[in-house]
Each structure stands twice: as structure tokens, then as C-alpha cells.
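Chemist: Could you have a look at this structure, given as C-alpha cells, before my questions?
The values are calculated or read from the model by the stated rules, or taken from the named source; none is laboratory data. Quick caveat: nothing in here was measured; it's all calculated off a predicted structure. A quick note on method: Cβ atoms are made from the backbone with ideal geometry, for glycine too, and the neighbour counts reach across all protein chains shown. We work out accessible area using only protein heavy atoms, side chains counted, and drop any ligands, DNA or RNA first. Shrake-Rupley method; radii C 1.70, N 1.55, O 1.52, S 1.80 Å.
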Amino acid sequence: MFALTDGVAAIALTLLVLEIKLPSGLRGAALDHALDETWAELGALALSAAVIALFWRVHHTAMRGVVQVDTGLFWLNVTFLALLSLIPFPTSALQDYGDQPLGPALYGGVVGITALVLYAIALRVRLRAGERPGTVPLPSQALVFLASVGIAQLSPMAAMYSWAAVVPLSVLADRLARRRGG
């Protein structure tokens with residue numbers, strides 16, 4: 001299962017880079033303008049590369065020690081990998097439509113649902129190992145990104161800024177889970 005996850009993550013990261021292009025034949029001011037436009041694409045690439053890498057890391061951590069994959073875990077994993085491989089699409093939408101509700105809403109929706117599925121994987125693995133559900137950190141990433149779908153309808157820029165809340169909320173969720181795990 002790790003090899004398949006590694007492959008899907010590597011392909012998703014590669015697809016992100018393939019989206020960045022400069023028109024050919026540009027010179028002078030037109031080339032400078034095209035390069036300026038590329039910065040937004042590079043920002044979206046950096047964000048999605050970090051998201052994919054973090055999903056990959058959490059998946060490996062959650063699946064560590066799993067000896068047998070039951071049917072439910074198998075289908076959760078397939079769903080996770082399908083969503084992970086989909087991330088380049090909303091990244092492209094974010095690049096092209098970041099100033100409209102569609103871009104941030106689509107990105108927030110896909111990333112949020114992917115985080116929820118990864119949470120379900122971690123929860124299933126821990127429960128099967130006999131641990132309490134409270135030892136799995138709450139899916140703060142999912143909550144923030146899914147909330148950004150609604151925020152994007154009011155302000156696309158505010159939706160993107162809201163994603164920064166993932167960092168402190170994730171730290172808090174991890175501390176609470178460690179405290180519950182004792």
C-alpha cells in the first residue's frame with residue numbers, strides 16, 4: 001500500500017509542475033508580464049506541493065504498523081488516493097480563478113474532503129489497534145478547508161487567507177490528542 005501511495009503522490013506532484021508554462025516567442029515587456037503572472041502559479045504550486053507532501057506523511061504515519069488491510073480500509077485508501085491525485089485540478093482552478101469564488105471553493109472542497117478521508121483512515125487504523133478514538137487528532141485541516149468553501153462565496157481572498165488557520169488549529173488538535181492518549 002505504501003508503494004502505491006508513494007507513486008500517486010509523486011505523480012500528483014509532477015502534474016502540478018506540468019501546469020506551469022510560459023508562452024513561447026515573448027520578448028521584453030511581454031516576457032516580463034508573463035513571468036509576473038507565473039508567480040501566482042508558483043504560489044499555488046508551492047501550496048499544493050506542501051498539502052500533498054503533508055497528506056503523504058500523515059498517511060504513512062497512520063498506516064504504520066498495519067499488518068492486514070480490511071475491505072473498509074482498502075476502500076478508504078482508494079478514495080484517499082483518488083482525491084490526492086485530483087489535487088492538481090483544483091490547483092489549476094485556483095491559479096486561473098483565484099479571484100472568483102470557484103477557485104478557492106473548489107480547492108477548499110477537494111482538500112477538505114481529502115483530509116476527512118485521511119482522518120477516517122487514521123481513526124479506523126487506531127480503533128482496530130484497540131486505541132481510543134480521542135487519540136486521533138481532530139481533522140482541523142478538513143474543517144478549515146471545508147469552511148473556506150462558504151467563505152469563498154463572500155470573499156475569495158478571505159477564503160485563501162483562512163487556510164492559514166490550519167497551522168495553529170493542527171498544533172492544538174495534536175496537543176489535545178496527545179493529552180488524551182496519555
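Chemist: Could you list, in sequence order, all residues of segment 141-165 that are open to solvent by 40 Å² or more (accessible area, probe 1.4 Å), under 13 Å from Val110 (Cβ atoms) and among the hydrophobic types (A, V, I, L, M, F, W, C)?
Modeler: Once the filter is applied, which keeps residues that are open to solvent by 40 Å² or more (accessible area, probe 1.4 Å), under 13 Å from Val110 (Cβ atoms) and among the hydrophobic types (A, V, I, L, M, F, W, C), segment 141-165 yields Leu146, Val149.
Chemist: Go over the candidates Asp96, Asp174 one by one and state the one that is under 28 Å from Glu37 (Cα atoms), in a helix (DSSP H, G or I), at pLDDT below 95 and of a type in the set (D, E, K, R).
Modeler: Details: Asp174 fails: under 28 Å from Glu37 (Cα atoms).
None of the others qualify; the one that does is Asp96.
Chemist: Only one of these is under 27 Å from Ala158 (Cα atoms) and in contact (Cβ under 8 Å) with a residue 24 or more places away in the chain: Ala12, Ala62. Name it. First the steps, then the outcome.
Modeler: On the way: Ala62 fails: under 27 Å from Ala158 (Cα atoms).
Being under 27 Å from Ala158 (Cα atoms) and in contact (Cβ under 8 Å) with a residue 24 or more places away in the chain holds for just one of Ala12, Ala62, which is Ala12.
Chemist: State all residues of segment 115-140 that are open to solvent by less than 40 Å² (accessible area, probe 1.4 Å) and of a type in the set (Gly, Ala, Ser); if no residue qualifies, say none.
Modeler: Ala115, Ala120, Ala122, Gly134, Ser140
Chemist: Also: Search segment 61-114 for residues being farther than 24 Å from Ser170 by Cβ and of a type in the set (Gly, Ala, Ser), and hand back the single one that is surrounded by the fewest Cβ atoms within 10 Å (Cβ to Cβ). Steps first, please.
Modeler: As a first pass, look at segment 61-114 and keep what is farther than 24 Å from Ser170 by Cβ: 67-72, 74-75, 78, 89, 92-93, 95-97, 99-102.
Those still in the list that are of a type in the set (Gly, Ala, Ser) too: 72, 92-93.
On the way: Gly72: 12, Ser92: 19, Ala93: 19.
Among residues in segment 61-114 that are farther than 24 Å from Ser170 by Cβ and of a type in the set (Gly, Ala, Ser), the one surrounded by the fewest Cβ atoms within 10 Å (Cβ to Cβ) is Gly72.
Chemist: Could you say which residue among Ala40, Ala34, Ala49, Ala30 is small (Gly, Ala, Ser), open to solvent by less than 60 Å² (accessible area, probe 1.4 Å) and either under 15 Å from Thr5 (Cβ atoms) or within 23 Å of the chain's Cα centre (by Cα) (or both)? Reasoning before the result, please.
Modeler: Numbers: Ala40 fails: open to solvent by less than 60 Å² (accessible area, probe 1.4 Å); Ala34 fails: either under 15 Å from Thr5 (Cβ atoms) or within 23 Å of the chain's Cα centre (by Cα) (or both); Ala30 fails: either under 15 Å from Thr5 (Cβ atoms) or within 23 Å of the chain's Cα centre (by Cα) (or both).
Within the list Ala40, Ala34, Ala49, Ala30, the selection yields Ala49.
Chemist: For segment 66-83, does any single residue satisfy the condition of being in contact with a Ser or Thr (Cβ under 6 Å, 6 or more places away or on another chain) and at pLDDT 95 or above? Working first, answer last.
Modeler: To start, the set of residues in segment 66-83 that are in contact with a Ser or Thr (Cβ under 6 Å, 6 or more places away or on another chain) comprises 83.
Now narrow it down to the ones that are at pLDDT 95 or above: 83.
Yes, that holds for at least one residue.
Chemist: Still on this structure: Criterion first (in contact with a His (Cβ under 9 Å, 6 or more places away or on another chain) and more than 24 Å from Glu37 (Cβ to Cβ)) does Leu146 satisfy it?
Modeler: Details: in contact with a His (Cβ under 9 Å, 6 or more places away or on another chain): no; more than 24 Å from Glu37 (Cβ to Cβ): yes.
Taking the combined requirement at face value, the residue does not satisfy it.
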